[in-house]
Amino acid sequence: MRKLLTLLGTAFFLLLATVLIYLFTLPKFTEPSTEIIEANPEQLARGDYLFNAVLGCPVCHSERDYSQFGGPPVAPFGGGRACSDTGKPLPGLAESGGLPGTICFRNITPHETGIFDWTDGELLRAVREGIGKENQALFPIMPYFIYRNLSDEDAQSVVAYVRSLEAVDHSLPDTAINFPVNLAIRLLPDPLNSPVPQPDTNNPIAYGKYLSTVARCSFCHSPRDSRSRQAIEGLELAGGVEFQGHNGLMYSTNLTPHAEGLGEMSEAEFLALFRRTTDPSAADINLMPWTYYGNMSDADLSAIFAYLQSVPAVSYSP
Ligand code: HEC
Ligand code: HEC
């Protein structure tokens, strides 16, 4: 019996040591690329559009005005915002829940207190692969697991644009994530090993799928398994994801063509939702940044609509 216990004890100790050693060798990362992005006018224009209408960077990385419909980000864009206190959500980011430590919406402008000394390769790697300047794993509120779907071309345009932002003097405390979450997040970054091609912008369904992925519509509107956090297969875009809104719990809506979703909605009505400047019926409208997405072109919102109409119609109530 004692022998068995010693054996089990040793096995357990070895297992623990292996797991710890493994975790300390993570995150997986590759060296940042040495490319220098040219930042030509087309890239800057595309980057401006992606940053300010599609990807939501300023929604997190700027102050927001919650007295206005949709809580739009306010200038100067990208200068960073408050930090979480342990156990509290990030201010203005209801979906973040209680957080394990000090996590800030960082200053991503080219100021010394921001990303002044980052290379283009380091910025590309942070946005799509979740690796910070010190080769550490970024906390996954930064949606790198979504932005890894950004094409190489679009990612380069975003980085070119970020570099052109007005420099904002705003220093924030260092990120400090508590044990054991600091180790657990090391499992998340996953280097991109192959080029990500540009989607076919002339195919509305394919392009709409790309946009609704990188704009995070699919993320907020697809039910996820409470443990694995993976989207539940067969229920993509079916809504019902719970959020802590400013006035209590709220649920994302069904975006599939089911009658409970967008089945009865015309393309014009869909576009009109994003062009609103007020919504008298909404008690708590700030979770989804409507006016921010309202900066998208008609063609792009129509492509998103075309894609949403093409997915299987499903009904779901949590
Ligand atoms: C949902 C909120 C959210 C969105 C959207 C978002 N970020 Fe972040 N981002 C964060 C948070 C929180 C951190 C800090 C993570 C940490 O400290 O580990 C961060 C970190 C970063 C960093 C690393 C900065 C540093 O000093 O370490 C860069 C660069 C960055 N974000 C760029 C972007 C860009 C570009 C976009 C848009 C393509 C974007 N972010 C969209 C929340 C967000
Ligand atoms: C941060 C999470 C989040 C993101 C990102 C998000 N949504 Fe939503 N969305 C919600 C929530 C929560 C609601 C329900 C409450 C509300 O209306 O604000 C909602 C409501 C909606 C509605 C129903 C509006 C109505 O009045 O019938 C539509 C349509 C919609 N979202 C489409 C989209 C599209 C398209 C995108 C991407 C461009 C998107 N959402 C991105 C959380 C999100």
Residue count, region 100-144, condition at pLDDT below 95 and either more than 9 Å from ligand 1 (Cβ to nearest atom) or touching a Gly at 6+ places or on another chain (Cβ under 6 Å) (or both), comes to 3
Members of region 46-58 found to be part of a helix (DSSP H, G or I) and farther than 11 Å from S164 by Cβ, listed by number: R46, Y49, L50, N52, A53, V54, C57, P58
Considering residues of region 193-202 that are under 19 Å from R125 (Cβ atoms) and in contact with an Asp or Glu (Cβ under 6 Å, 6 or more places away or on another chain) only, the residue most open to solvent (accessible area, probe 1.4 Å): P195
Residue in region 49-61 that is more than 9 Å from ligand 1 (Cβ to nearest atom) and open to solvent by 60 Å² or more (accessible area, probe 1.4 Å) present: no
Check S266, S310, S317 and return the single one that is open to solvent by 40 Å² or more (accessible area, probe 1.4 Å) and free of Cβ contacts under 8 Å to residues at least 24 places away in the same chain. S266
In region 19-33, how many residues are under 25 Å from the mean Cα position of the chain (by Cα) and open to solvent by 70 Å² or more (accessible area, probe 1.4 Å)? 3
For region 169-185, does any single residue satisfy the condition of being under 15 Å from R128 (Cα atoms) and open to solvent by less than 70 Å² (accessible area, probe 1.4 Å)? no
Given (1) touching a helix residue (DSSP H, G or I) at 6+ places or on another chain (Cβ under 7 Å); (2) modelled with pLDDT under 95, number of the condition L255 does not satisfy: (2)
Pick from L249, L262: which is of a type in the set (A, V, I, L, M), modelled with pLDDT under 90 and farther than 29 Å from V127 by Cα? L249
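The values are calculated or read from the model by the stated rules, or taken from the named source; none is laboratory data. Keep in mind that what you see is a predicted model, and the values were worked out from it rather than measured. Quick reminder, even Gly has a Cβ in these numbers, built from the backbone with ideal geometry, and neighbours come from all protein chains shown. Ligands, DNA and RNA are excluded from the accessible area calculation, which covers all protein heavy atoms including side chains. Shrake-Rupley method; radii C 1.70, N 1.55, O 1.52, S 1.80 Å.
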